[in-house]
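Heads up, the thing below is written out as structure tokens.
Read the figures in this text as sums done on the coordinates, not as results from a lab. Owing to the predicted nature of the structure, the values given are computational and were not obtained by experimental measurement. Cβ atoms come from the backbone with ideal geometry, glycine included; neighbour counts cover every protein chain shown.
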Amino acid sequence: MTTTGPEVRWGTGRARGVLAATTLGSGMAMLDSTIVNVALPALGRELGASVSGLQWVLDGYLLTLAALILVGGAMGDRYGRRRVFRIGVVWFGVASALCGVAPSTEVLVVARALQGVGGALLTPGSLAILQSVFARGERATAIGAWSGLSGVATAVGPLVGGLLVQAWSWRLAFLVNLPVAALTWWLTARFVPETRDAGAEGRPDVLAAALCALGLAGLTGALVEAPVRGAGDPVVIGAGVVGVLALVWFGARQARGDRPTVPPSLFADRVFLLANLATFLVYGALGAVMVLLVVQLQVSLGYSPTAAGLAGLPITLLMLVLSARSGRLAERVGPRWQLVVGPLVIAVGLLLLRRVVPGGGYVDAVLPGVLVFGVGLATVVAPVTATVLAAAPDRYAGVASGVNNAVARTGTLLAVAVLPTVAGLGGADYTDPAAMTEGWRTALLVCAGLCVVAGLVASGVDNRVLASAAAKPEPAEHELAHPGECLCCGVEGPPTHLSPRGVER
């Protein structure tokens, strides 16, 4: 791994600048994933969108984000993580402006897809930057702080969205990204050192990215349109078949290619595999619930957009207070128990939220579930992210971050596509309190089950993974893994291309 400066130490001014830049960048993408949720009823009314139209507004963004996030991570490793991160910030800001002026549902879906491209460039870079610039023993702490602050962005999204929708229009939910993008760009230029994988060669696999995007688009299209067109409709069947074939081709290309976007060796690691599977399940449940909660509060309980956003404020506070501590605890005692207990606590919170029905009050129906849900989220988010990155070699920091983010977004993407159908929601049901409540309660049962499975999966994680990663020595010189290959960067040939500690000459 190559860097243009010394390691960043926790507690310094530069550390705070790096954390601020990466948190604002990833938080902007996370905020946009949730801020839109509270705007859906108003957006649907103004643009005349159906349930499937609203699903595409959400999934158009998640689709390109999940499909291209691996390429974004690989591009950061190859061309420089700071450089790609900054490009992503600018792209995201421009696409947000397009979303804010969209005249129709169709135009908005296209603009959201473009937003996802920007998110795919900046999201994996934020974690990869933390993993590559902070000293080894301080990475879990930095990631914990990042998780807490980024989690705040996710949880505060409905509140901000509610205030903006009531202040003027749902369009502000997108236009608010412009000043945030400008500040993030400046902080990155000012504080973040450049890092890259010195062993990366060639260009990212564009065909693999296209296959991944086509596969996810086909499956998502089939799942979203099946309730509208019917499962036997030729368009639905064709989209599903194309999606499956594209994903199979993508997997085969990754397994057999000389320079795969995702090295198969990463998934050969049991910890990496299990932690990502747990991520998929937890974020699938999280994404679906955060969408449905604000809609249920507005449609079935009569909350205003701002009140619906305020209902989730305890999640914000719990993430802010507990996530960094959760990361430090995982570093001291190992992450396994938090990866097991966290999803189970989330499941309990989801079951409590089944009391959010017409006639229920905030204190007795909403608050207990939100509090328990927030505690579970704060327990698991930082440890699962740190575990995934610790299980991967340093040279693959960008790819590992991209994989984990892609897994999380794909979980949310598929949950948003599938869950309304499973819960019996379709057409204009999101405007009918009785139908919305019935679907809401069914969806919570499904999501609680996903979290229980996630906890069981995480029980197989090696509890020593963070300690082993922290104890791994930094290569002072370029040691050889075997004759002709450098441990630091994996480049074949004499270890003369870098100076000690990976600093560019």
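What ranking of Val388, Val90, Val465 emerges when the number of other C-beta atoms within 10 Å of each C-beta is taken as an exposure proxy, fewest first?
Val90, Val465, Val388
HN-Hα J couplings of region 244-251 from phi, Karplus 6.51/-1.76/1.60, θ = phi - 60°, integer Hz, Gly and Pro as x?
Running phi through 6.51 cos²θ - 1.76 cosθ + 1.60 with θ = phi - 60° gives 5, 5, 5, 5, 5, 5, 4, x Hz.
Given a Förster distance of 30 angstrom, what is the FRET efficiency for Leu183 paired with Glu46, based on the Cβ-Cβ distance and rounded to 0.05?
Values: r = 29 Å, r/R0 = 0.98.
After rounding to 0.05, the efficiency reads 0.55.
Show the residues, 5+ positions off or on another chain, whose built amide H is closer than 5 Å to the amide H of Gly334.
Residues meeting the amide H criterion: none.
Report, by chain and number, residues whose modeled amide H sits under 5 Å from the one on Val8, excluding near sequence neighbours (fewer than 5 apart, same chain).
Phe134, Ala135
Most exposed first by the Cβ proxy, i.e. fewest other Cβ within 10 Å, how do Phe267, Phe250, Phe280 rank?
Phe267, Phe280, Phe250
How far apart, in nm, are two points set 7 Å out from the Cα along the Cα-to-Cβ line at Arg441 and at Asp233?
For Arg441 paired with Asp233, the spin-label model returns 3.0 nm.
Quick one: Karplus J couplings for region 275-288, per residue in order, coefficients 6.51, -1.76, 1.60, θ = phi - 60°, nearest Hz, x for Gly and Pro?
Karplus values, whole Hz, x for Gly and Pro: 5, 6, 5, 4, 4, 4, 6, 5, 6, x, 5, 4, x, 5.
In whole Hz, what ³J(HN,Hα) sequence does region 123-137 give by Karplus (6.51, -1.76, 1.60; θ = phi - 60°), x for Gly and Pro?
Computed from phi, the couplings for region 123-137 are 5, x, x, 5, 5, 5, 4, 4, 5, 9, 9, 7, 4, 3, x Hz.
If you stretched the chain out fully between Leu456 and Leu317, how much longer would it get, using 0.36 nm times the residue separation minus the C-alpha to C-alpha distance?
Values: separation 139, 0.36 × 139 = 50.04 nm, distance 2.76 nm.
Separation in residues times 0.36 nm, less the Cα-Cα distance, equals 47.3 nm.
What full-extension length gain, to one decimal in nm, is calculated for Ala210 and Arg16 as 0.36 nm per residue of separation minus the Cα-Cα distance?
66.1 nm
Give the peptides 233-245, 412-424 in descending order of average Cβ contacts within 10 Å, highest first.
On the way: 233-245: 15.5, 412-424: 22.1.
Packing order, densest peptide first, comes out as 412-424, 233-245.
Return Arg112, Arg78, Arg355, Arg45 ranked ascending by Cβ neighbour count within 10 Å, so the fewest neighbours appear first. Can you show the working numbers first?
On the way: Arg112 27, Arg78 20, Arg355 15, Arg45 11.
Ascending Cβ contact count within 10 Å gives the list Arg45, Arg355, Arg78, Arg112.
Once label points are set 7 Å from the Cα along Cα→Cβ at both Leu367 and Arg332, what is their separation, rounded to one decimal in nm?
3.1
Need one number: nm distance between label points at Arg253 and Trp168, each 7 Å from Cα along Cα→Cβ, rounded to one decimal.
Output for this residue pair reads 4.2 nm.
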